[in-house]
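A quick write-up on the structure given underneath.
The values are calculated or read from the model by the stated rules, or taken from the named source; none is laboratory data. On a predicted model such as this, the values are computed, not experimentally measured, just so you know. In this analysis, Cβ positions are derived from the backbone assuming ideal geometry, glycine residues included, and neighbour counts consider all displayed protein chains. Remember, those area values only see protein heavy atoms, side chains included, never the ligands or the DNA or RNA. Shrake-Rupley method; radii C 1.70, N 1.55, O 1.52, S 1.80 Å.
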Amino acid sequence: MARVINFSAGPAALPEAVLSQAASEMLDWNGSGMSVMEMSHRGKEFVSIAAAAEADLRTLMNIPDNYKVLFVQGGATGQFASIPLNFSAKKADYVVTGSWGKKAAKEAAKYCEVNIAAQPDSFNRVPAQSEWTLSDDADYLHITPNETIEGVEFPFLPDVNVPIVADLSSTIMSAPIDVSKYGVIYAGAQKNIGPSGVTIVIIRDDLLGKADAKTPMVMNWEQQAANDSMLNTPPCYTWYLCGLVFKHMIANGGVAAYADVNARKAAKLYAAIDASKFYANPVDADSRSSMNVPFTLANAELDAAFLAEAKEAGLVTLKGHRSIGGMRASIYNAMPESGVDALITFMAEFEARNA
Ligand code: PMP
């Protein structure tokens, strides 16, 4: 069996040790005689799996006790609507630094007035807060700390008096954060957490209980929290796999240990791009993503050959998002440093052959 080095933006590579463990437990989880896929979500086995996953996530992210943690469905996209609904928002500020924030703002505008506090003409930087036009009566401020498509990451946390709502889909657990600085954090699982199908939502207690009466119950944070995210049948198997990833991360030193490796991975990949006239990354140095590294070739006619030869070398899913083209290397927690080294070596060889 030859496993590829997978630079997919999501669903993305998972730790091999986790996949092996899941395989070994596939037919019989922990002596239960059942696969996790076959268990009742109300049974003691699955309830213990769910509780352990939440406890381990709380440990990893150092989540304070006055925050609820949900494991729900509908993706980060579902939360784009859940957010204004759960705030019963009249007005919200959105800082748009890429495609996902733009989508979030557009969806929220169905439910409340949206003020675009900042949106650069091209998505290649995070404007300083001094450039924003914040409202004085917003119910919350929404940011996308890491824009997965454009590879734009906030180098700072906004300083505001309203709750910060942050889409951490592509950056959660990549480096330590202070959860207490946020009102709501949400993230689709399929990048740094596990397979697709679960969305993690972390909400400060005082923000619960404000939902619009028309909020669908599966999107109602307070009701989901009161039901331990089991208001209806949850995505049990995905939840279990997320739990295995959390245990694996704890065993490997926790978020801080991953942050060190992630910083090295990103630094060496950007350094290689910057040192070459053949490759380029358009993002301002201080706003570059540590998780998603888009880059272009000086001659776009070589894109197809680059991708084909990379695949031959075992390096896959390097094609950039269809909306911006070029290449993109997503280097989440499960991407080992050796994978980034292999990409850098391949890029240098390809350049030498084609420049
Ligand atoms: N926000 C960000 C930052 C993302 O990267 C993505 C998915 N790539 C989404 C939202 C949408 O997530 P989902 O497909 O889980 O709805």
Excluding exposed DSSP-loop trypsin sites (Lys or Arg not before Pro) (at most 15 other C-beta within 10 Å), longest clean stretch of the chain: 111-209
Per-residue ³J(HN,Hα) for region 122-130, Karplus 6.51 cos²θ - 1.76 cosθ + 1.60, θ = phi - 60°, Hz, x for Gly and Pro: 10, 7, 10, 6, 9, x, 4, 4, 5
The chain: DSSP helices with Cα axial extent of at least 24 Å and average Kyte-Doolittle hydropathy no lower than 0.0: 44-61, 254-274, 337-354
Charge context of Pro64, other residues only, Cβ under 15 angstrom, K/R +1, D/E -1: -1
Rounded to the nearest 20 debye, dipole of region 155-294 from Cβ charges on Lys, Arg, Asp, Glu: 500 debye
Under the Debye formula (equal points on every Cα, no solvent term), log10 I(q)/I(0) of region 235-355 at q = 0.09 Å⁻¹: -0.29
Segment Ala128-Ala256, extension gain: residue separation times 0.36 nm, minus the distance between their alpha carbons: 43.4 nm
Equivalent ellipsoid semi-axes - Cα gyration tensor, the chain, angstrom: 33, 28, 16
Length added when fully stretched, Ala313-Glu38, from 0.36 nm per residue minus Cα-Cα: 95.1 nm
Percent of C-alpha pairs per 5 Å bin, region 1-107, short to long: 2, 8, 11, 14, 17, 17, 14, 9, 6, 2, 0
Cubic angstrom per residue, convex hull over Cα atoms of region 164-272: 127 Å³
Most positive-pole-ward Cα, Met219, Val36, Val152, against dipole of the chain from beta carbon charges: Val36
Portion, in percent, of the accessible area of the chain that falls on carbon or sulfur, probe 1.4 Å: 52 percent
Dipole magnitude of the chain about its Cα centre (Cβ charges: Lys, Arg +1; Asp, Glu -1), debye to nearest 20: 440 debye
R0 of 51 Å, Cβ-Cβ distance Asn232-Ala348: FRET efficiency to nearest 0.05: 0.50
Inter-label distance for Asp212 and Val160, nm, one decimal - labels placed 7 Å from Cα along Cα-to-Cβ: 1.9 nm
Computed magnitude of the charge dipole of region 23-145 (debye, nearest 20; Cβ of K, R +1, Cβ of D, E -1): 280 debye
Area projected by the alpha carbon convex hull of region 138-203, averaged over all directions, nm²: 4.8 nm²
Accessible area (Å², per residue) of region 118-271, counting only protein heavy atoms and a probe of 1.4 Å: 38 Å²
